[in-house]
Amino acid sequence: MAERYPFSAYPNGWFRVEHSEELAVGDVKPLRTLGRDLVIYRGEDRVARVLDAHCPHLGAHLGHGGRVEGDAIRCPFHAWKWDGQGRCLEIPYSRKIPSKAQLRAWETCEKNGFVFVWHHRDRTPPSFELPDLAEYGSEAWTPYEKRFWKVRAHWLDMNENAVDQVHFKYVHGAHTIPETQVEIDGAVLRCRSRMKLGTPKGEVEGGIDTTDYGPGFQTVQLSGISPALMVNTVTPIDETYSDVCFSYTVKIVDGASAARGVGAALIRDLEKQMNQDIPIWENKKYFPKPLLCEGDGRIGVYRKWLRQFVDWDPKRLED
Ligand code: FES
Ligand SMILES: [Fe+2]
């Protein structure tokens, strides 16, 4: 994959690494993400923490057999204890702790039902925040309906999907090419598409408002038929694969079961769209200077915005 894309496979931003409900207090799990081996655990203080996986002592993977103690984790091999900042708190059989005993701790945030890590090539602190979504956990909205894919595709191709207005007609069978407007505010990009939707009651004006918060987190607000929100995350696993999760929630207007019905229909449509997009993503080539034409919309604007998150030297190794 690296040779297909002239920039790093791991952009800067917040990336989903876990679902909140799948990480109970005391849980410890290995993560393979962003080209690295990491460990995630939830301390007794309920905070999710992410560290580099391999214990600096003799290299055990903390995600396989590590145990939570308070807000720290104990290595399964020789019982060294590490806190959430990656500091060694205790070696039970030694009076001294080597001064280099330090694990990389990853900045995390837990929002909207997900745990995210902040990745920056130069390890600089987060330069933007993710939003708190009012719909998440609200009684007026259905619980998330989630779908996952492990796709042999680059994060950029999946992200570009929303601004590629023409493909909605030729890949997904939309009746018309939507009108798309893009607005940029630092790390946040808003894309508003308006289109006519065919319904049993005739045509209605439909809208898709997509907001990207860096390359790893996106919300999509649907209006027109039934208000719905899709929360999308893309996390590069390694140079070849990406981990994609789409979650739908639907506003409860005519009762919970009607809303669930709308949600199920949206998920079916989403699955159909993914099956249409994936063969294109898996086999396409990245052109740094694509041959764009008048009707292509905002692809150029989108790529320009993404540059702020990307390291253009794919061979520069991270420390
Ligand atoms: S490898 Fe972790 S304590 Fe020895
Ligand atoms: Fe698509």
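Kindly indicate whether any position in region 142-151 is surrounded by 14 or more Cβ atoms within 10 Å (Cβ to Cβ), more than 16 Å from ligand 1 (Cβ to nearest atom) and over 17 Å from VAL231 (Cα atoms).
Scanning region 142-151 turns up at least one residue that is surrounded by 14 or more Cβ atoms within 10 Å (Cβ to Cβ), more than 16 Å from ligand 1 (Cβ to nearest atom) and over 17 Å from VAL231 (Cα atoms).
Tell me, yes or no, whether region 36-53 has at least one residue that is closer than 30 Å to LYS304 by Cα and either assigned by TED's automatic domain parsing to the domain that holds TRP82 or out of contact with any strand residue (DSSP E or B) (no Cβ under 7 Å at 6 or more places or on another chain) (or both).
Of the residues in region 36-53, the ones closer than 30 Å to LYS304 by Cα are 36.
Keeping just the survivors that are either assigned by TED's automatic domain parsing to the domain that holds TRP82 or out of contact with any strand residue (DSSP E or B) (no Cβ under 7 Å at 6 or more places or on another chain) (or both) gives 36.
Yes: one or more hits.
Would you point out which residue out of TRP141, TRP155, TRP149 is touching a Ser or Thr at 6+ places or on another chain (Cβ under 7 Å), within 16 Å of ligand 2 (Cβ to nearest atom) and either in contact (Cβ under 8 Å) with a residue 12 or more places away in the chain or of a type in the set (S, T, N, Q) (or both)?
TRP155
When residues of region 47-70 are filtered for being in a loop (DSSP other than H, G, I, E, B), within 29 Å of the chain's Cα centre (by Cα) and either surrounded by fewer than 17 Cβ atoms within 10 Å (Cβ to Cβ) or within 16 Å of ligand 2 (Cβ to nearest atom) (or both), how many remain?
In the first step, residues of region 47-70 are kept if they are in a loop (DSSP other than H, G, I, E, B); the result is 47, 53, 55-60, 62-66, 70.
Adding the requirement that they be within 29 Å of the chain's Cα centre (by Cα) leaves 47, 53, 55-56, 59-60, 62-66, 70.
Checking the rest, the ones that are also either surrounded by fewer than 17 Cβ atoms within 10 Å (Cβ to Cβ) or within 16 Å of ligand 2 (Cβ to nearest atom) (or both) come to 47, 59, 64-65, 70.
Qualifying residue count for the region: 5.
Only residues that are within 16 Å of ligand 1 (Cβ to nearest atom) and free of Cβ contacts under 8 Å to residues at least 24 places away in the same chain: list them for region 20-56, please. Even if it seems obvious, please write down each step before you answer.
Taking region 20-56 first, the residues within 16 Å of ligand 1 (Cβ to nearest atom) are 28, 30, 37-39, 41, 51-56.
Within region 20-56, ALA53, HIS54 qualify.
Condition check: more than 16 Å from ligand 2 (Cβ to nearest atom) and either closer than 22 Å to ARG192 by Cα or hydrophobic (A, V, I, L, M, F, W, C) (or both). Does LEU270 satisfy that? Steps first, please.
Numbers: more than 16 Å from ligand 2 (Cβ to nearest atom): no; either closer than 22 Å to ARG192 by Cα or hydrophobic (A, V, I, L, M, F, W, C) (or both): yes.
No; evaluated as a whole, the condition is false for this residue.
Going residue by residue through region 265-282, is there one that turns out to be of a type in the set (Val, Ile, Thr), in contact (Cβ under 8 Å) with a residue 12 or more places away in the chain and not in a helix (DSSP H, G or I)?
Looking only at region 265-282, we keep the residues that are of a type in the set (Val, Ile, Thr), and these are 267, 278, 280.
Going one step further and asking which of them are in contact (Cβ under 8 Å) with a residue 12 or more places away in the chain, we end up with 267, 278, 280.
In the following step, the residues that additionally are not in a helix (DSSP H, G or I) were identified as none.
No; the residues of region 265-282 include none that is of a type in the set (Val, Ile, Thr), in contact (Cβ under 8 Å) with a residue 12 or more places away in the chain and not in a helix (DSSP H, G or I).
Could you list, in sequence order, the residues of region 254-288 that are in contact with a helix residue (DSSP H, G or I) (Cβ under 7 Å, 6 or more places away or on another chain) and at pLDDT below 90? Spell out the reasoning first.
Here is the first cut: in region 254-288, the ones in contact with a helix residue (DSSP H, G or I) (Cβ under 7 Å, 6 or more places away or on another chain) are 281, 284-286.
If the condition is that a residue be in contact with a helix residue (DSSP H, G or I) (Cβ under 7 Å, 6 or more places away or on another chain) and at pLDDT below 90, then LYS285, TYR286 are the ones that fit.
Taking the residues in region 167-177 that are part of a loop (DSSP other than H, G, I, E, B) and surrounded by 16 or more Cβ atoms within 10 Å (Cβ to Cβ) as candidates, determine which candidate is farthest from ligand 2 (Cβ to nearest atom).
Step by step, filter region 167-177, then rank; the result is ILE177.
The values are calculated or read from the model by the stated rules, or taken from the named source; none is laboratory data. Here the structure is a predicted model, which means the values were calculated and not measured. So basically every Cβ, Gly included, is an ideal-geometry build from the backbone, and we count neighbours across all protein chains shown.
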